[in-house]
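The values are calculated or read from the model by the stated rules, or taken from the named source; none is laboratory data. All of these numbers come straight from a predicted model, not from anything done at the bench. We place every Cβ from the backbone using ideal geometry, glycine too, and count neighbours over all the protein chains shown.
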Amino acid sequence: AGYARAEDGYDLWLRYRTSVSSSGAPRVSPRIDTRSSSRMMVAAADELRRALAGLSTAQVAMLGPIVVATAGDPDVRALDLPLALLGDEGYLVRTVTLARARVTLVTANTERGALYGSFALLRHLYTGGDPRRIALSSAPRVHLRILDHWDNLDGSVERGYAGQSLWDWWTLPDYRDPRYTDYARANASIGINGVVLNNVNASADTLTARYIAKAAALADIFRPYGIKVYLSARFSAPIELGGLASADPLDPRVAAWWRAKADEIYRAIPDFGGFLVKANSEGQPGPRDYHRSHADGANMLAAAVRPHGGVIMWRAFVYADTDPDDRAKQAWTEFKPLDGQFADNVIVQVKNGAIDFQPREPFHPLFGAMPRTALMPEFQITKEYLGQATHLAYLGPLFAETLRADTMAHGSGSTVARIIDGSIEHHRLTGIAGVANVGRDRDWSGSTFNQANWYAFGRLAWDPALDPRAIAREWAAMTFAPAIAKRVATMMMPSREAVVDYMTPLGLAHLMATGHHYGPEPWVSGLKRPEWNPVYYHRADRNGIGFDRTASGSNAVAQYAPALARQLSNPATTPPSELLWFHHLRWDHPMPSGRTLWTELVQRYDAGVAQVGDMRRQWNGLRPQVDAERWEKTATFLDIQAREAAWWRDASIAYWSSINGLPLPAGTRPPA
Ligand code: GCU
């Protein structure tokens, strides 16, 4: 079939076409009245114009003129709309009568809200919503909705699988690649309002005048889209850049250096967001080098940005050689005692799980354990441990699983979402971060379906209660076409579980190859530090498998609220999906299904491989409805995934059976 134009995925979910074959050529120009010529309202009007060009004449007529106006506008005031609860980022989009004409009104208390409302209107229209009766209203539940770029100044991206860094440091600040604006549009469309430009393993050079000017150029481009720029700060920068002898946070010269640095940054970027810091983890410098606490370090930086309204995002991912008995316990051990000691413009950034962005991890025990500290979860959108660029794994269910997990810290129902949105512990500062999967690839994320993870992250950061399936449908409707959205979402939904099954079923973790984390290496045991070795995590021997984190083992369960710790101490009340994370069990341990652990384990690997086969069949069925270019690339990636899912299964099962000496359970397929 002839396709109207090549599709390379550059347009992301902002394709603005109602079907695969429609061309996106302008048909009619609707009237758009933004009542303000601020850069933000110009951005909103540009987006509406660009998008509405993809609608039919009939649809545009049904929509009527579009008025974008904030609460102070006399017309809006006269309508007496319920804007009070929308805060400074929420929006309301409604079909109303203004001066006897029916119009589509986009309104909010602020221009930023109106920008988000404009994108919400477009989402409504391009997911098949009725243009005649519009009643949309939403306000974000979380304030800081941040993408963390792990981008280095040499253009490489740590754990990035979508090409080089988007930021061309060589040509910034002069050349303002239009792509930066497209990036900002994509983020604004899903409500992301902050971007950390550089890797947490930060170079001090980021804080030099030369790079501050480059960051300022990006901040200027992002500003009309409601996005603030943040930087990762290297804790020892006062030594490297300032020539000081130490970076001790309690040394007044060090504090003065950071104050002056913050002042310098704010002169260039008046709305600079603040710093993200990885300290005393994986060899990074930090306050512990001077026998000071993480709170001492964070608070010193917080004082430097406080006069300017900045925040410090201080990471709790501390991974050092200090707790060899169980790496999963480190963050809680070090941070829990500091509860209540952090300044009120510090937010502690906690990975979703206690180890490291695995295909599945129980939620991090710090959630609910630091009621007097603002915490923000950190997710990885880039799929370091989930097949990187090629494997199709929709992460909406992974993000939602953590957000919905019940910490039981303040009675049942104290979910991670309600801890981090401030509704239980009443924090003013709230946030969510995701490690970006964006690079210079034409399709931004390395594959079409990786784009969905960026999208889902933004939507869940806005509202952690959203349903990942509904998000997948929205994304698929805009990325492909409303007519196939349901089928695409059906294919996406089990994809993450498939990865869990063929890589790390039943609560296993960290069995990936050393260093690059691609492919299976559960047998590795000779590396210098114990927790670098996969055998440290699975602990398989002739008799059984799994990491005992109950009282008879590392007792990591005691880091959870007592009611939950009790459940997790007993294999019978531990969810099977987390079983081997918490327990070391005999190979013949009886599972709820009636099968032995060994049989069930092998079946999970098979189920993961089978699920990939299913996805391939479903994608083949969608071929007539997807443009050739995106269809082919996804089909090829699914072929890779099918091959590698089988590799994971076969290598893993062969290894486990070399340890337990057990035959393959009847009815399962032998390794190829
Ligand atoms: C993981 C990842 C590192 C990263 C670290 C972090 O360990 O492999 O590349 O630096 O997380 O989050 O700091």
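If you go through region 222-246 and keep only what is among the aliphatic types (A, V, I, L, M) and within 11 Å of Leu301 (Cβ to Cβ), you end up with Ala233, Ala237. Filtering region 322-333 to residues that are touching a Ser or Thr at 6+ places or on another chain (Cβ under 9 Å) and buried (at least 20 other Cβ atoms within 10 Å of the Cβ) leaves Asp326, Ala328, Gln330. Considering only residues in region 188-209 that are part of a loop (DSSP other than H, G, I, E, B) and among the hydrophobic types (A, V, I, L, M, F, W, C), the one that is farthest from Arg145 (Cα to Cα) turns out to be Ala202.
It is to be established whether one or more residues within region 620-638 are closer than 24 Å to Ala540 by Cα and buried (at least 17 other Cβ atoms within 10 Å of the Cβ).
Within region 620-638 (the criterion being closer than 24 Å to Ala540 by Cα and buried (at least 17 other Cβ atoms within 10 Å of the Cβ)), the answer is no, since none of the residues qualifies.
Which members of region 615-640 meet the condition of being more than 17 Å from Asp443 (Cβ to Cβ) and touching a Ser or Thr at 6+ places or on another chain (Cβ under 8 Å)? Answer for region 615-640, where residues must be more than 17 Å from Asp443 (Cβ to Cβ) and touching a Ser or Thr at 6+ places or on another chain (Cβ under 8 Å): Met615, Gln618.
Say whether the condition of being among the aromatic types (Phe, Trp, Tyr), over 24 Å from Leu366 (Cβ atoms) and in the same structural domain as Leu568 (by TED's automatic domain parsing) is met by at least one residue in region 523-538. Yes, some residue in region 523-538 is among the aromatic types (Phe, Trp, Tyr), over 24 Å from Leu366 (Cβ atoms) and in the same structural domain as Leu568 (by TED's automatic domain parsing).
Restricted to region 503-538, and to residues there that are out of contact with any helix residue (DSSP H, G or I) (no Cβ under 7 Å at 6 or more places or on another chain) and outside any loop (DSSP other than H, G, I, E, B), the residue that is surrounded by the fewest Cβ atoms within 10 Å (Cβ to Cβ) is Trp532. Taken over region 408-447, the criterion of being part of a loop (DSSP other than H, G, I, E, B), surrounded by 24 or more Cβ atoms within 10 Å (Cβ to Cβ) and at negative phi is satisfied by Ala436, Asn437, Val438, Ser445, Ser447. Count of region 336-372 residues, restricted to those that are more than 14 Å from the ligand (Cβ to nearest atom), among the aromatic types (Phe, Trp, Tyr) and closer than 17 Å to Val416 by Cα, is 2. In the set (1) touching an Asp or Glu at 6+ places or on another chain (Cβ under 9 Å); (2) within 16 Å of the ligand (Cβ to nearest atom), Asn437 fails one condition alone, (1). Which members of region 494-512 meet the condition of being small (Gly, Ala, Ser) and closer than 14 Å to Asp356 by Cα? Gly507, Ala509, listed by residue number. For region 148-160, the candidate set comprises residues that are in a strand (DSSP E or B) and either of a type in the set (Asp, Glu) or in contact with a helix residue (DSSP H, G or I) (Cβ under 7 Å, 6 or more places away or on another chain) (or both); within that set, the residue that is farthest from the ligand (Cβ to nearest atom) is Asp151. How many of the residues making up region 267-283 are within 22 Å of Thr430 (Cα to Cα) and not charged (D, E, K, R)? Count: 8. Please find, among Ala540, Ala513, Ala489, Ala509, the residue that is modelled with pLDDT of 95 or more, of a type outside the set (D, E, K, R) and closer than 26 Å to Met408 by Cα. Exactly one residue qualifies, and that residue is Ala509.
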